[in-house]
Amino acid sequence: MKNPTPRTEQHLLCEVVSNVHLAPINPGHFRLTLHAPYFAELAVPGQFIHILPPSENDLLRRPISILDADPESGNVIVLYRVIGDGTRLISEVRQGDKLDIIGPLGNGFKIPDRKSVALFGGGIGIPPLVYLARKLLNAGLSPGNALDRSIQVYLGVREPEFLICLDDFTNLGINPVIYTETGLSKIRDHYGNSTPTINGGLITKAFDDYPDNWEHTIIYACGPVPMLKAVSEHADSLGLECYVSLENKLACGLGACLGCSIPVRNSDGTVHYERVCTEGPVFNSPRIAFDLM
Ligand SMILES: Cc1cc2nc3c(=O)[nH]c(=O)nc-3n(C[C@H](O)[C@H](O)[C@H](O)COP(=O)(O)OP(=O)(O)OC[C@H]3O[C@@H](n4cnc5c(N)ncnc54)[C@H](O)[C@@H]3O)c2cc1C
Ligand code: FES
């Protein structure tokens, strides 16, 4: 597949504006704002930055999606969960420190001309959908599900602490529908009436819970592979166009090492490999051979 996002990456030292721990609501999650005018100007939703963890050891860069980018202030925001050494080291940077970053990287989401869209975000797959939602609103779509050219947002989490970016969506005038695998009452107690719908179970229940919401809708999803596979299958069974953004482990992030390759099906059923960092991370979901991943 051709990459519709032109390659514009640069290798830059970016100043940390803030790096805020989101405890107690989202312990282990950090919101990092960087002064990075070049990335802020050129990034599109679905792209990521490749951050070198500050360390004396030779660590690989860590890919983190762009949550928002503001060309006016020159700031770029990302939100990450601390998983291992790389994200732990990034969580230790402070205002005024410099981070070594390559970006913006990858092939972003297309903004549709006519249709409505439904965004499905799971866990740390949620942040890039904030930027996408904002750009969709700028392109003339409206929050809701009964309108032509509307945006619906569904967020799925394993536990209440993983429910991130809710305020980002509500500040855009979008009230996401939430699915949680555990701690339903905890989320209800915390958010009360400020969020409209909080359900128990997996995010894919939305397809059954809201059977009337999908006509003329394109699905965009980002999250763990099992979730993306399930969302793609539902979209396929409803005949909906669907794009998913993968968050695999990356090494070079620049298309050179092939370490991030995933199986992609050709129209004759044979398989070839494409790179998440370069041809992706956003893929038209029927192309992905999920059964071989
Ligand atoms: C496009 C993209 C966007 C992402 N966006 C976000 C986001 O917005 N927010 C967020 O929280 N997370 C995001 N992630 C996931 C995030 O990159 C990982 O959680 C992070 O890299 C984990 O690093 P770590 O060192 O903390 O954890 P670890 O699990 O310790 O690090 C990964 C380990 O695997 C090793 N490793 C990494 N890549 C490879 C490789 N290719 N081959 C072999 N070993 C490897 C590392 O050296 C390290 O030891 C994104 C991932 C991708 C691909
Ligand atoms: S991470 Fe090296 S080719 Fe994608």
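Return yes when Ser73 is farther than 25 Å from Glu279 by Cα, away from ligand 1 (no atom under 13 Å from the Cβ), in a loop (DSSP other than H, G, I, E, B) and touching a helix residue (DSSP H, G or I) at 6+ places or on another chain (Cβ under 8 Å) and no when it is not. Give the steps one after another, and end with the answer.
Values: farther than 25 Å from Glu279 by Cα: yes; away from ligand 1 (no atom under 13 Å from the Cβ): yes; in a loop (DSSP other than H, G, I, E, B): yes; touching a helix residue (DSSP H, G or I) at 6+ places or on another chain (Cβ under 8 Å): yes.
The answer is yes for Ser73.
Quick check: anything in segment 14-35 over 29 Å from Pro160 (Cβ atoms) and part of a loop (DSSP other than H, G, I, E, B)?
First pass over segment 14-35, keeping only residues over 29 Å from Pro160 (Cβ atoms): 14-15, 35.
Subsequent filtering for residues that are part of a loop (DSSP other than H, G, I, E, B) retains none.
No: zero hits.
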(request) Pull up segment 238-289, narrow it to residues that are β-branched (Val, Ile, Thr) and more than 13 Å from ligand 2 (Cβ to nearest atom), then point me to the one that is surrounded by the fewest Cβ atoms within 10 Å (Cβ to Cβ). (result) Thr270
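Condition check ((1) in contact with a Leu (Cβ under 6 Å, 6 or more places away or on another chain); (2) modelled with pLDDT under 95; (3) not basic (Lys, Arg); (4) not assigned by TED's automatic domain parsing to the domain that holds Gln95) across all residues:
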position: Asn19; (1), (2), (3), (4): yes, no, yes, no
position: Leu22; (1), (2), (3), (4): no, no, yes, no
position: Pro27; (1), (2), (3), (4): no, no, yes, no
position: Phe39; (1), (2), (3), (4): no, no, yes, no
position: Pro45; (1), (2), (3), (4): yes, no, yes, no
position: Asp58; (1), (2), (3), (4): no, yes, yes, no
position: Asp68; (1), (2), (3), (4): no, no, yes, no
position: Pro71; (1), (2), (3), (4): no, no, yes, no
position: Val76; (1), (2), (3), (4): yes, no, yes, no
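Quick check on my filter: what residues within segment 56-83 are among the hydroxyl-bearing types (Ser, Thr, Tyr), under 22 Å from Gly223 (Cβ atoms) and more than 16 Å from ligand 2 (Cβ to nearest atom)?
Result: Tyr80, single match.
The values are calculated or read from the model by the stated rules, or taken from the named source; none is laboratory data. Please read all numbers here as calculations on a predicted model, not as lab measurements. As a convention, Cβ positions derive from the backbone with ideal geometry for all residues, glycine included, and neighbour counts pool all protein chains shown.
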